[in-house]
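In what follows, a single structure is set out as structure tokens and then discussed.
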Amino acid sequence: MTDWVVHKFGGTSLKDAERIERAARCVLDWPDRRAVVVSAVGGVTNRLLGALEVAASGADTHEIVSGLIRDHRRIAEELGVDAPERLGTDERDLTDLLHAVRLVGSADAVIADLVAGYGERWSAALFAAVMTREGHPAKAIDAGEVIVAKDGDMGPIIAWEESRERLERTVGDWSDAIVVTGYVARHPDGRPRTLGRNGSDFSAAIVGKLLDAQAVRIWTDVPGIMSADPRLVPEARVLQTLSYDEALELAYFGAAVLHPQTLAPLIEARIPLWIGDASDPNEDGTRIGPESERRFAIKGITAIENMALITLEGAGLMGVPGTARRLFGCLERAGISVVMISQASSEHSICCAVQKVAMVEAVERIGSEFATELNAGLVQAVRQDDDASVLAVVGAAMAGQPGLAAKFFSSLGRCGINVKAIAQGASERNISAVVANADAARAVRAVHAGFYLSPQTVSIGLIGVGNVGQALLNQLRTQIPVLADTLDLRIRAVANSRTMELGEDVAFDDEAKRVPLDLEALAEHVSEEHLPHTVMIDCTADDSVAALHPAWLQRGMHVVTPNKKGVADSLERYQAIRQAMRDAAVRYGGEATVGAGLPIIHTLRDLLDTGDRVIEIEGMLSGTLAYLFATYDGSGSFAELVREAWKSGYTEPDPRDDLSGLDVARKLVILAREMGLEIEVADVAVESLLIDGSGEGDAEAFLEHYRQVDASMAERFEKARAEGGVLRFVARLDAHGTASVGLKTVPGDHPFAMAQSTDNVVRFRTRRYDANPLVVQGPGAGPEVTAAGVFGDLLRVCSALGGHR
């Protein structure tokens, strides 16, 4: 290796005087000898080729040429350097060339290559002048006088020895920087030629090999090669290292930062290639070399869209030698490139992916090649599918690692993406799949999430920031950092009844960031495909929100909620929720719908799943009513006690939901449905604690009116005390579906009588727990407790996804 380092700048990095200055700063302080390869100033090559077309049409090109020369003189003035001396001569020569094309009415390939190369020569002169101005004398070198390339079937073939001798003579004993034109070269007979569009990268690799350079650095407007297109995948990250093989695969499958041809000279010479951002030269970017680090088995996910899938199938193909040769031979003769090949092991069918624009000709060629077999019925069909994109995952470390293909396809399956064809090379560096064009972007996001994000990355949407919702939000903010080692929880949307805030880390503490509520837009934001899992948390008591639960589940979103109106409303809605859970393989966390933070539903499920049989469930299922009757001593106002509970957040937002008994009835229906009983709230015998006129006005007006209950409630209290018991609001459900809720007198030594404050108490009398029922008891009301129950459900969902707590 010599002490040369090759730096390459494309047209975007040299678009104007400011960017040329920035590009020069990237290399001015470089400690090694610098060889800079430059493209034309951004847009100039297109303008030159456009002038050629204009001339061929017979129109005058004087203004186009003078405009190009004028722009380069202006850039030189802005840079504070002399305009390149050759501009005057080049203007005359270019004008004469285009005039000749105008007279003839066409231009051959040699003239086109000559015209197209002017931009690089002007750019090299400007760049060299800037470096010289800064005290680093730079020599501009025309690669058209150095690099010799003849035509080959697979692209230009470099005459390495002749080119090396020419470069050594041109550089001579020059000790500082050289600036070499990209894109241009020469035929062995001296005629000008170009290396193809985007050929400047190839030029940099050629110069790197000719100089036996330490490294080649391609400066672009991106930070390096990304794990996926960041326009599709916000989570895409810069790949720090790639092997040559990995980079070739990614470039082949559409990673636009690098052309596959660029790597060939570097691989042979084992010269590392760096790709980085010219606007941030201190960042490392991506290093491509013989080896790469193996922290990620998959290095990149990319897709080629607008492809066509062509399938040749028939029983006559089985075991017949030469079939593949004939198929691909006829495509090769037509100049049609095959991107992917897939063949059934039975040899009954062979399919391949080609560019969509080549599909019709490809089908005709194959049909002609196999016409005899088609007429004889040995080949049944040549099928075509013009709705195809080739999705590829690339990584050298894939080799020998079990389960990678499973993760790839499960990521697609989880998003409902159908796979039309599959291919994997024996090197195991690439797995490719054909999907529909409409699914391509989603497929890239889904697979990237499967391989690059934690399997426990969860996108969270929270609807309802009342007492419970706000308490949950506070708990999440506190615990997310604590859980970060095992769970990646992201609060990406929060909404109240009127507004919502969408983002990546939503705090919901700035009204300026909020927009009017749109539940569909919220769901779309939370369920973006680049994140592997979505949980919608409904902390409302709103029926219209609960009505959305089945649809959320159906689209693959897990639902966690204390809102009973989802599973306790109509039997039809409950069944829709259960069906959606089965269809989409998602979970519905509703533990907090019955006992706030208590494991009541969880306990019932465990009993049933382990083969026990419920005889009767009896319980105090309302923390609000438990608190009221544990506190009420007959001496004060019962209505005032209700008001205090409401203000403390122990009741539903409207306390009438508690006092009506319907809240308890809904909880009983939820338990009944868990037991497989198909009952509705209307099937529950409910004793309401409301009085006439309770339905009028808001909660405040109701509580004022409710004072009329005080006398009758005091009377019932005294009667219970006289019988040696206490008042408790009790729910009962038997195995046949007989259900009731109401105010009962229970003995003083009954478990319900000894419950504390807001305790829920549930007694499960089952075949196993008959003589001595299983009791679950604990606080069943209050924002903090209910929020903790919701949080627990969220963690259970995460645990089912593979998280650990």
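The values are calculated or read from the model by the stated rules, or taken from the named source; none is laboratory data. Model, not experiment: these values are computed from the prediction. With ideal geometry, Cβ positions are generated from the backbone for all residues, glycine too; neighbour counts draw on all protein chains shown. These area figures cover heavy atoms from the full protein model, side chains too; ligands, DNA and RNA do not enter into them. Shrake-Rupley method; radii C 1.70, N 1.55, O 1.52, S 1.80 Å.
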For the structure I just gave you, tell me whether Ser688 is open to solvent by 30 Å² or more (accessible area, probe 1.4 Å), assigned to a loop (DSSP other than H, G, I, E, B) and either more than 20 Å from Ile615 (Cα to Cα) or of a type in the set (A, V, I, L, M) (or both). yes
Considering Val559, Val515, Val535, which residue is touching an Asp or Glu at 6+ places or on another chain (Cβ under 8 Å) and within 18 Å of Asp583 (Cα to Cα)? Val559
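Residues checked against (1) farther than 27 Å from Thr89 by Cα; (2) open to solvent by less than 40 Å² (accessible area, probe 1.4 Å); (3) assigned to a loop (DSSP other than H, G, I, E, B):
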{"residue": "Met1", "(1), (2), (3)": "yes, no, yes"}
{"residue": "Ala24", "(1), (2), (3)": "no, yes, no"}
{"residue": "Ala35", "(1), (2), (3)": "no, yes, no"}
{"residue": "Arg47", "(1), (2), (3)": "no, no, no"}
{"residue": "Ala51", "(1), (2), (3)": "no, yes, no"}
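Results for (1) more than 30 Å from Leu472 (Cβ to Cβ); (2) hydrophobic (A, V, I, L, M, F, W, C); (3) touching a Leu at 6+ places or on another chain (Cβ under 7 Å); (4) part of a strand (DSSP E or B), shown as yes or no for each residue.
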{"residue": "Glu696", "(1), (2), (3), (4)": "yes, no, no, no"}
{"residue": "Leu703", "(1), (2), (3), (4)": "no, yes, no, no"}
{"residue": "Arg707", "(1), (2), (3), (4)": "yes, no, no, no"}
{"residue": "Met713", "(1), (2), (3), (4)": "yes, yes, no, no"}
{"residue": "Arg728", "(1), (2), (3), (4)": "no, no, no, yes"}
{"residue": "Val741", "(1), (2), (3), (4)": "no, yes, yes, yes"}
{"residue": "Asp749", "(1), (2), (3), (4)": "yes, no, no, no"}
{"residue": "Met754", "(1), (2), (3), (4)": "yes, yes, no, no"}
{"residue": "Val776", "(1), (2), (3), (4)": "no, yes, yes, yes"}
Number of positions in region 96-107 that are crowded, with 16+ Cβ neighbours inside 10 Å and assigned to a helix (DSSP H, G or I): 4
Is it the case, given these coordinates, that Val419 is under 20 Å from the mean Cα position of the chain (by Cα), open to solvent by less than 40 Å² (accessible area, probe 1.4 Å), at pLDDT 85 or above and under 27 Å from Asp245 (Cβ atoms)? no
Which is farther than 16 Å from Ala423 by Cβ, in contact with an Asp or Glu (Cβ under 7 Å, 6 or more places away or on another chain) and open to solvent by 20 Å² or more (accessible area, probe 1.4 Å), of Arg326, Arg333, Arg365? Arg326
Quick check, is Arg121 open to solvent by 50 Å² or more (accessible area, probe 1.4 Å), basic (Lys, Arg) and part of a helix (DSSP H, G or I)? no
Only one of Pro31, Pro84 is within 30 Å of Val216 (Cβ to Cβ) and open to solvent by 50 Å² or more (accessible area, probe 1.4 Å); which? Pro31
Please specify each residue of region 286-316 satisfying the condition of being over 20 Å from Asp385 (Cα atoms) and open to solvent by 10 Å² or more (accessible area, probe 1.4 Å). Arg287, Pro290, Glu291, Ser292, Glu293, Arg294, Arg295, Phe296, Ala297, Thr302, Ala315, Gly316
Within region 627-652, track down each residue that is at pLDDT below 90, open to solvent by less than 20 Å² (accessible area, probe 1.4 Å) and either in a helix (DSSP H, G or I) or acidic (Asp, Glu) (or both). Ala645
Can you tell me which of Asp518, Asp485, Asp510 is surrounded by fewer than 21 Cβ atoms within 10 Å (Cβ to Cβ), more than 23 Å from Thr651 (Cβ to Cβ) and at pLDDT 95 or above? Asp518
When both residues are 6+ apart or on different chains and their Cβ atoms are under 6 Å apart, which pairs have a first residue that lies in region 646-667 and is farther than 15 Å from Glu700 by Cα, and a second that is of a type in the set (Phe, Trp, Tyr)? Tyr650/Tyr627
Tell me yes or no: at least one residue of region 762-775 is modelled with pLDDT under 90, of a type in the set (S, T, N, Q), open to solvent by less than 30 Å² (accessible area, probe 1.4 Å) and touching a helix residue (DSSP H, G or I) at 6+ places or on another chain (Cβ under 7 Å). no
If Met754 satisfies all but one of (1) closer than 21 Å to Thr631 by Cβ; (2) open to solvent by 70 Å² or more (accessible area, probe 1.4 Å); (3) within 38 Å of the chain's Cα centre (by Cα), what's the number of the condition it fails? (3)
Picking from Gly329, Gly276, Gly367, Gly319, which residue would you name as being out of contact with any helix residue (DSSP H, G or I) (no Cβ under 6 Å at 6 or more places or on another chain), in a loop (DSSP other than H, G, I, E, B) and not acidic (Asp, Glu)? Gly319
Would you say Val110 is loosely packed, with under 14 Cβ neighbours inside 10 Å and of a type outside the set (Ser, Thr, Tyr)? yes
For Glu784, the lone unmet condition from (1) open to solvent by 40 Å² or more (accessible area, probe 1.4 Å); (2) more than 10 Å from Gly597 (Cα to Cα); (3) of a type in the set (Asp, Glu) is (2)
For region 64-80, give me each residue that is open to solvent by 20 Å² or more (accessible area, probe 1.4 Å) and either hydrophobic (A, V, I, L, M, F, W, C) or touching a His at 6+ places or on another chain (Cβ under 8 Å) (or both). Ile64
Scan of region 560-573 for residues that are in contact (Cβ under 8 Å) with a residue 24 or more places away in the chain and either among the hydrophobic types (A, V, I, L, M, F, W, C) or more than 11 Å from Arg666 (Cβ to Cβ) (or both), ordered by number: Val560, Thr561, Pro562, Val567, Ala568, Ser570, Leu571, Arg573
Please pick out the residue among Asp229, Asp212 that is under 30 Å from the mean Cα position of the chain (by Cα), surrounded by fewer than 24 Cβ atoms within 10 Å (Cβ to Cβ) and outside any helix (DSSP H, G or I). Asp229
If I go through region 32-63 residue by residue, how many of them are touching a residue at least 12 places away in the same chain (Cβ under 8 Å), within 16 Å of Asp113 (Cα to Cα) and of a type in the set (D, E, K, R)? 1
Test: residue in region 169-188 that is more than 29 Å from Arg25 (Cβ to Cβ), of a type in the set (A, V, I, L, M, F, W, C) and surrounded by fewer than 22 Cβ atoms within 10 Å (Cβ to Cβ): no
